[in-house]
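No value in this document is a laboratory result; all are computed from the given coordinates. None of these values were measured; they are calculated from a predicted model. With ideal geometry, Cβ positions are generated from the backbone for all residues, glycine too; neighbour counts draw on all protein chains shown.
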Amino acid sequence: MTAVMLLVTLGVLFVDGRIPAGVPESAPAYAPTGFAQVLRAVDARGQVDLAQLKAEHAKLTAFLASLAVVSPDTRPEDFPSHEARLAYWLNAYHALVLRELLDVRGARLPWAARFSRGASIGGLWLTRFSLERNELQAAGDARVWLALFDGTRGAGVLDAVPFDGDTLKGQLDDAARRFIRRRGTVRIEGAAVWLHPVFSERREDFLAALPDERKHVLQVVWAFLPEDCSEGVAGCPTRSELDRVCGPRFDRCEVRFAEREAALAVKNTFRGAPGKIT
């Protein structure tokens, strides 16, 4: 029984990101500019060119190694603002995702990878799940979940530049706007509003970030919808249409949630055994 309890405890600590991890030998200094070069593999639609990403594999590996040396927890003086810290964690999360995409060569990402595939970050072994749970959720910013790219087409739209503390507010606004205005994220059919499943999965996080007087997930959607469809998106939902269907308190419509799209947001795959980059 003691051995079982020990294994359970270690499992909880691992999933929660509290297992110490070493620093790779000759780890480079932390520099987001290296990650900027990696993100050149992302096109304007947020699709990842795997062949180009493979060419940047050494830079991605170096950036991940640099995370082991410096983090907002180990060197808070290097991250003086909330925005600087959040930008670090978002870049770390997306670096893990890009490594996973290289590992699978355009096949489906294993479900367990989010919980088991991690890296040494600031002296701890952190996975995408532990970053979501301990850092991104704690940020209290609903836009984070709309900006988060998990490798699939149905997730947030990955940008071709790293997140930066000095410009984070605008970057998160742009990411949320791209996500909500993408075809299929919001769909109005009669008196029903169909939403991307992230609004169900992260409902409490969205509600917690809203003012006390307006606690409805559609408030987040409304904030980033266009006033009209002049941007060239045929039949796009608008603020006025949402107001007409749902009313000023969003209580006249039925909210439904679509299924998550599992296909990967990649192109130009390359041959090779999964997990062995050459």
Taking H as built 1.01 Å from N, whose amide H comes closer than 5 Å to the amide H of residue 125, not counting residues under 5 places away?
19, 21
Sequence-distant residues sharing a close amide H with residue 152 (under 5 Å, placed H)
265
Sequence order, region 172-185: Karplus ³J(HN,Hα) from phi using 6.51 cos²θ - 1.76 cosθ + 1.60, θ = phi - 60°, Hz rounded, Gly and Pro as x, gives 5, 4, 5, 5, 5, 5, 4, 5, 5, 8, 5, 4, x, 5
Need one number: % antiparallel among DSSP beta bridges in the chain, to the nearest 5.
65 percent
Amide H neighbours of residue 193 at under 5 Å, excluding residues fewer than 5 places away on the same chain, with H built from the backbone geometry, are 254, 255, 256
What residue among 190, 161, 142 has its Cα farthest toward the positive end of the dipole of region 118-211, where the charges are +1 on Lys, Arg and -1 on Asp, Glu, each on the Cβ?
190
Pairs of lysine residues in the chain - Cα separation under 24 Å, sequence separation of 8 or more or cross-chain:
6
For region 25-107, what does the equivalent ellipsoid look like in terms of its semi-axes, each the square root of 5 times an eigenvalue of the Cα gyration tensor, given largest first in whole Å?
24, 14, 10
The ³J(HN,Hα) series, computed from each phi in region 111-128 with the Karplus coefficients 6.51, -1.76 and 1.60 at θ = phi - 60°, rounded to the nearest Hz and given as x for glycine or proline, is 4, 6, 4, 4, 9, 10, 8, x, 7, 6, 10, x, x, 10, 8, 10, 9, 4
Leading residue at positive end of dipole, the chain (Cβ point charges), from 70, 217, 266:
266
Could you work out the helix-only [θ] at 222 nm for the chain, with each DSSP H run of four or more residues adding -39,500 (n - 2.57) and the total divided by the number of residues, to the nearest 500 deg cm²/dmol?
-11500 deg cm²/dmol
If one compares the long axis through the Cα atoms of helix 57-67 with the longest principal axis of the Cα atoms of the chain, the angle in degrees, nearest 10, works out at 90 degrees
Scan region 68-164 for trypsin sites (Lys or Arg not before Pro) in coil per DSSP, keeping those whose Cβ has at most 12 other Cβ atoms within 10 Å, and list them by number.
108
Per DSSP, loop trypsin sites (Lys or Arg not before Pro) in region 188-223 with at most 15 further Cβ within 10 Å:
214, 215
